[in-house]
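As structure tokens, the structure follows; a few thoughts come after it.
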Amino acid sequence: MLNTIAADGGTPEKIWHAYAARRALNDAVCALEGAGAALASLVEQTMWQAQGVRELNLRVTDAAERTAFELSELAVRIGEIDRVVGA
């Protein structure tokens, strides 16, 4: 880059601006790389949380279904007792 600027008759001011722009671009690249790494981590974490929420939802649903089944079984047993005692 320096050779191109020098060959084009670049002044010290143009060279300084070119290096300042390059430095700014390098800073932007570093910032984007850091943000990309943070986002990759967040994607993984939120995927895990989403899977965890789905798993929790499945377990709660299963527990609710088993509870409803047990309640219906208890209702049957209560009915049997009621028939025995003539209630």
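For the chain, which whole-number percentage of the solvent-accessible area (1.4 Å probe, protein heavy atoms only) is attributable to carbon and sulfur atoms?
65
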Which of the three applies to the stretch 28-68, rounded, prolate or oblate, going by the alpha-carbon gyration tensor with a ≥ b ≥ c and a/c under 1.5 meaning rounded? prolate
Karplus (6.51, -1.76, 1.60) ³J(HN,Hα), θ = phi - 60°, over the stretch 41-56, in Hz, Gly and Pro reported as x: 5, 5, 4, 5, 5, 6, 5, 4, 5, 5, 5, x, 5, 4, 5, 4
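Dipole magnitude of the chain about its Cα centre, charges +1 at Lys/Arg Cβ and -1 at Asp/Glu Cβ only, in debye to the nearest 20?
Working: 8 positive and 12 negative charges, 56 e Å.
Roughly 260 debye for the chain.
What's the extension gain from LYS14 to VAL29 if we count 0.36 nm per residue and subtract their Cα-Cα distance? Spell out each step's value before the answer.
On the way: separation 15, 0.36 × 15 = 5.40 nm, distance 2.23 nm.
Length gained between LYS14 and VAL29: 3.2 nm.
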Of ALA20, ALA37, ALA50, which has the largest mean-square fluctuation in a 10 Å C-alpha GNM of the chain? ALA20
How large is log10 I(q)/I(0) at q = 0.12, 0.19 Å⁻¹ when the Debye formula is applied to the Cα atoms of the chain, each weighted equally and without solvent? -0.71, -0.93
Out of GLY52, ILE78, LEU25 - ranked by how far each Cα lies towards the positive end of the dipole of the chain, with unit charges on the beta-carbon of charged residues - the top one is LEU25
How much length is gained on full extension from VAL53 to ARG83, taking 0.36 nm per residue of separation minus their Cα-Cα distance? 6.3 nm
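The values are calculated or read from the model by the stated rules, or taken from the named source; none is laboratory data. Predicted, not measured: the structure shown is a model, and the values here were computed from it. Note that we place each Cβ from the backbone using ideal geometry, even for glycine, and neighbour counts take in every protein chain shown. Note: areas computed on protein heavy atoms with side chains; ligands, DNA, RNA excluded. Shrake-Rupley method; radii C 1.70, N 1.55, O 1.52, S 1.80 Å.
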